[in-house]
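Peer 1: Structure below; questions to follow.
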Amino acid sequence: MIVVPAIDLRGGRCVRLAQGAAESETRYDDDPVARARAFASVGAQRLHVVDLDGALGTGENRKVLGEICSAVDVPVEFGGGVRSAGDVRDLFAAGVRHVILGTMLVEEPAASRALVEEHGDRLIAGVDARGEHVAVRGWIRSSPLGRDEFVRELASWGFTRIIFTEIARDGMGTGYDIEATAHVAALTPMRVTASGGAKTVVDLKELVAGVPSNVDMAIVGRALYDGTMDLSEALVSV
């Protein structure tokens, strides 16, 4: 299991939200670039960067993103506010290795499918769910689209990886939703990155024990900022 530290950007700072609610913001760090360097220096193999302003439609943090990509040698995956083919091209030009599509998958399926045909595994599908339904627009809106139907559709488009988040767990420190993650992973051969809820290394170990082998990455965010999980320990524990 590859542990992927998260950097959520809002107003140029590192923040975390509980269940994606904008009013639940906790600010942690005024220097996301230094935080990215710190994660890379202890052995992170990948960084997960999210532009919350972009996702919520309140601005964007592309300048900071470019600085992060220039500051580290590890691949950066990025999501939040990606709405067009032009956005994808700009992000690759800025140094992003993998672009995460979320809302665009639901609102612009034909364009999204064309993009994955063009870019292959450099695109990742973000599947953000409340129970059995998909949420979009920074998790503000619920879609009538069913989670399982959506996952199968993404596999048919040619995606090779999804990031699955059960929104009820995100930022709550109650552990990954292992049952839901295992269920989603069993729907297709796609690789799955688990996201939402980690607090301690025990949560990572329980995830590994409870999901199929195609769940091969796990995102960790708030636990690293609150100090309930040490990244160095986590990297060698699972």
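Peer 1: Stretched out fully, how many nm does the piece from T58 to T200 gain, at 0.36 nm a residue minus the Cα gap?
Peer 2: Working: separation 142, 0.36 × 142 = 51.12 nm, distance 3.19 nm.
Length gained, T58 through T200: 47.9 nm.
Peer 1: Residues with beta-carbon under 14 Å from that of L187, excluding L187: net charge, scoring Lys, Arg +1 and Asp, Glu -1? Spell out each step's value before the answer.
Peer 2: Values: positive: R147, R152, R161, R191; negative: E132, D148, E149, E153, E179.
Within the 14 Å Cβ shell, the charges total -1.
Peer 1: Determine the principal axes of the Cα atoms in the stretch 1-105, then give the extent along each, sorted from largest to smallest and rounded to whole angstroms.
Peer 2: Taking the Cα atoms of the stretch 1-105, the three principal extents are 33, 31, 28 Å.
Peer 1: Calculated from DSSP H runs of 4 or more alone, at -39500 (n - 2.57) each and per residue, what is the 222 nm mean residue ellipticity of the chain, nearest 500?
Peer 2: -10500 deg cm²/dmol
Peer 1: Using the Cβ atoms and a cut-off under 13 Å, what net charge is assigned to the surroundings of A38, where Lys and Arg are +1 and Asp and Glu are -1?
Peer 2: Summing Lys and Arg as +1 and Asp and Glu as -1 gives -1.
Peer 1: No solvent, one uniform scatterer per C-alpha: report log10 I(q)/I(0) for the stretch 139-238 via the Debye equation at q = 0.10, 0.14, 0.22, 0.23 1/Å, two decimals.
Peer 2: So the normalised log intensities work out to -0.27, -0.53, -1.13, -1.20.
Peer 1: Related question: Treating only the Cβ atoms of Lys and Arg (+1) and Asp and Glu (-1) as charged, compute the dipole magnitude of the chain about its Cα centre; round to the nearest 20 debye.
Peer 2: 180
Peer 1: Give the whole-number value, in cubic angstrom per residue, of the convex hull volume spanned by the C-alpha atoms of the stretch 64-103.
Peer 2: Each residue corresponds to 56 Å³ of Cα convex hull volume.
Peer 1: With a Förster radius of 30 Å, plug the Cβ-Cβ distance of D121 and V238 into 1/(1 + (r/R0)^6) and report the FRET value to the nearest 0.05.
Peer 2: For D121 and V238, the calculated efficiency is 0.85.
Peer 1: Still on this structure, please answer the following. Taking amide H positions as placed in the peptide plane 1.01 Å from N, state which residues far from I100 in sequence (5 or more) or on other chains have amide H under 5 Å from it.
Peer 2: For I100, the qualifying residues are F78, G79, I124.
Peer 1: Spelling out what I want: for every residue of the stretch 42-48, take phi, set θ = phi - 60°, compute 6.51 cos²θ - 1.76 cosθ + 1.60 (Karplus), and round to whole Hz; glycine and proline get x.
Peer 2: 9, x, 4, 8, 7, 10, 10
Peer 1: A further question on this structure: When a footprinting reagent is the concern and you count Cβ atoms within 10 Å, what order do T181, T188, T200 take, fewest first?
Peer 2: T200, T188, T181
Peer 1: Could you list, bin by bin from short to long, the percent of Cα-Cα pairs of the chain in 5 Å steps?
Peer 2: Calculated P(r), rounded to whole percents: 1, 7, 16, 20, 22, 19, 11, 4, 0.
Peer 1: Follow-up. Hey, can you grab everything whose amide H is under 5 Å from the amide H of V4? Only 5+ residues off in sequence or another chain; H modelled, so Pro and N-termini drop out.
Peer 2: The answer is A218, I219, V220.
Peer 1: Could you give each residue of the stretch 55-71 its phi-based ³J(HN,Hα) in whole Hz, using Karplus coefficients 6.51, -1.76, 1.60 with θ = phi - 60°, and x for Gly or Pro?
Peer 2: In residue order, the calculated couplings are 5, 8, x, 10, x, 7, 10, 5, 5, 4, 4, x, 5, 5, 4, 6, 8 Hz.
Peer 1: Starting at the first residue of the stretch 177-192, write each ³J(HN,Hα) from the Karplus equation 6.51 cos²θ - 1.76 cosθ + 1.60 with θ = phi - 60°, in whole Hz, x for Gly and Pro.
Peer 2: Computed from phi, the couplings for the stretch 177-192 are 7, 5, 4, 5, 5, 5, 4, 4, 5, 7, 6, 8, x, 4, 6, 10 Hz.
Peer 1: What are the residues whose amide H is under 5 Å from the amide H of V215, where those residues sit 5 or more places off or on another chain and H is modelled from the backbone?
Peer 2: V192
Peer 1: In nanometres, what is the gap between the two model label sites at S41 and D29, each 7 Å from Cα along Cα-to-Cβ?
Peer 2: 1.1
FYI, it's all coordinate maths here, none of it is from the lab. What you see is a predicted model, and the numbers here were worked out from it, not measured in a lab. All Cβ positions, even for glycine, are placed from backbone atoms using ideal geometry, and neighbour counts span all protein chains on display.
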